[in-house]
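Participant: Can you keep this structure in mind? I'll have questions shortly.
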Amino acid sequence: MRVSDCDVIRDLWPQCKASIFKRANEVMLNIDPNGIFVAEEVDTGKIIGYCCGVKVSPKLGFIGGYAVRPEYQGQGVGPVIWKKVMDYLGDINIALFARTQEMGEKYGEKWGFQMMKHKRLVHMTGKVVLNDDICVKSIDGITVCPITTELLPGVTEYDSDICDGIDRRLFIDGVIKSPETWNLVAINERREVCGYCIIYRALCHVTVVGPLYADNEHIAELLVTRCLQLIPEDRQQNVLYYSWNINLKSIEIAEKLGLKLTYNRPIMYSKQAIDGKLDKIFTVSSTMYYPF
Ligand SMILES: CC(C)(COP(=O)(O)OP(=O)(O)OC[C@H]1O[C@@H](n2cnc3c(N)ncnc32)[C@H](O)[C@@H]1OP(=O)(O)O)[C@@H](O)C(=O)NCCC(=O)NCCS
């Protein structure tokens, strides 16, 4: 895939009902320029399908986008691009979020991906309610501010500690510099990062919270509430907050914000599950990039 293909792929996603960060592929091509494949019709050059399987670290791959234009589905195009991605990723551990239980079972049967039994991604969705009476307004000793260039190294280090040592500087920097994204970082009295939150506009009129990482649920709640206050009101109507089903404190925050559990789906690995610091992960970054 070339950067010039990004617009075409952006058009393809809504046809497949996917609510994905608008500039996901631009950011991803920076992280791994060789991991995104498109299928083109030979005669016309028209892009008819796409699969993204990037190396997010030397030992971890992530499959985060797999779609074929509706009118070309059911003709075997998907499996060909998929195989290309699997060959590219080779023998490293690969993670993915299956869109449905059924697709997850196919990835299991045909490719040996293992579905986590106790850990699933839950979609908390709806219109957010920012009610001062129920949300944390401030915490003694904690300052909340936007992620500046000076603060970025501290955020990256904090993030890496949560995400199994993976360096995600390009990802964080790429997302926060993209249009229609909002972010905040929480800093304690020793000037240490103790949480951060990004919210981004996705396709299909959805606004997504992710990542929301924090040392505890109070900081997480403060960050997400303040960050949601930054976004235009029309963007607060259809919010998607990806949490783990096992993080009850995170689900409680989402419920306080008026969001409801609408869907859950599997996380899968080809070799070995990698959790990261689960107690600090309140929402995962995105289903396109990383399993954290
Ligand atoms: C999923 C999708 C990319 C498959 O592409 P496609 O070209 O339509 O694939 P085909 O239906 O021709 O594939 C042939 C068979 O292989 C299966 N298959 C397709 N991709 C597969 C994969 N990566 N692994 C295992 N099985 C796969 C199909 O389900 C089908 O099986 P069936 O004959 O038992 O129904 C396409 O249907 C699509 O874009 N769906 C909407 C987006 C989506 O749901 N993406 C998946 C996210 S998990």
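The values are calculated or read from the model by the stated rules, or taken from the named source; none is laboratory data. Because the structure is a prediction, the values reported are computed rather than measured. Glycine gets a Cβ as well: all are built from the backbone with ideal geometry, and neighbour counts include every protein chain shown.
Participant: Can you name the residue in region 227-265 that is part of a loop (DSSP other than H, G, I, E, B) and of a type in the set (A, V, I, L, M) and is also nearest to residue 119 (Cα to Cα) among such residues?
Facilitator: Going through the qualifying residues, I end up with 246.
Participant: When you go through (1) out of contact with any Leu (no Cβ under 8 Å at 6 or more places or on another chain); (2) in a loop (DSSP other than H, G, I, E, B) one by one for residue 274, which number turns out not to apply?
Facilitator: (1)
Participant: Can you list the strands (runs of 3 or more DSSP E) lying wholly within region 57-152 that have 3 or more residues being within 16 Å of the ligand (Cβ to nearest atom) and either without any contact (Cβ under 8 Å) to a residue 24 or more places away in the chain or not aromatic (Phe, Trp, Tyr) (or both)?
Facilitator: Passing ranges, in order: 60-68, 93-97, 114-126.
Participant: Please list, ordered by first then second residue, the pairs with beta carbon atoms under 8 Å, 6 or more apart or interchain, first in region 183-212 and assigned by TED's automatic domain parsing to the domain that holds residue 239 and among the basic types (Lys, Arg), second in a strand (DSSP E or B) and surrounded by fewer than 20 Cβ atoms within 10 Å (Cβ to Cβ).
Facilitator: Close Cβ pairs satisfying both conditions: 201/181.
Participant: Now a separate question. Can you tell me which residue among 16, 52 is in contact (Cβ under 8 Å) with a residue 24 or more places away in the chain, within 8 Å of the ligand (Cβ to nearest atom) and closer than 27 Å to residue 175 by Cα?
Facilitator: Details: 52 fails: within 8 Å of the ligand (Cβ to nearest atom).
Just one listed residue meets the conditions, 16.
Participant: Further question: Among the listed residues 278, 248, 230, 212, which satisfies the condition of being surrounded by 15 or more Cβ atoms within 10 Å (Cβ to Cβ) and of a type in the set (A, V, I, L, M, F, W, C)? Talk me through it step by step, then tell me what you get.
Facilitator: On the way: 278 fails: surrounded by 15 or more Cβ atoms within 10 Å (Cβ to Cβ); 248 fails: surrounded by 15 or more Cβ atoms within 10 Å (Cβ to Cβ); 230 fails: surrounded by 15 or more Cβ atoms within 10 Å (Cβ to Cβ).
Being surrounded by 15 or more Cβ atoms within 10 Å (Cβ to Cβ) and of a type in the set (A, V, I, L, M, F, W, C) holds for just one of 278, 248, 230, 212, which is 212.
Participant: Out of the residues in region 50-76 meeting the condition of being hydroxyl-bearing (Ser, Thr, Tyr) and out of contact with any helix residue (DSSP H, G or I) (no Cβ under 6 Å at 6 or more places or on another chain), tell me which one is surrounded by the fewest Cβ atoms within 10 Å (Cβ to Cβ). Before you say what the answer is, go through the steps one by one.
Facilitator: Going residue by residue through region 50-76, those that are hydroxyl-bearing (Ser, Thr, Tyr) are 50, 57, 66, 72.
From what's left, out of contact with any helix residue (DSSP H, G or I) (no Cβ under 6 Å at 6 or more places or on another chain): 57, 66, 72.
Working: 57: 18, 66: 21, 72: 15.
For region 50-76, the residue satisfying everything is 72.
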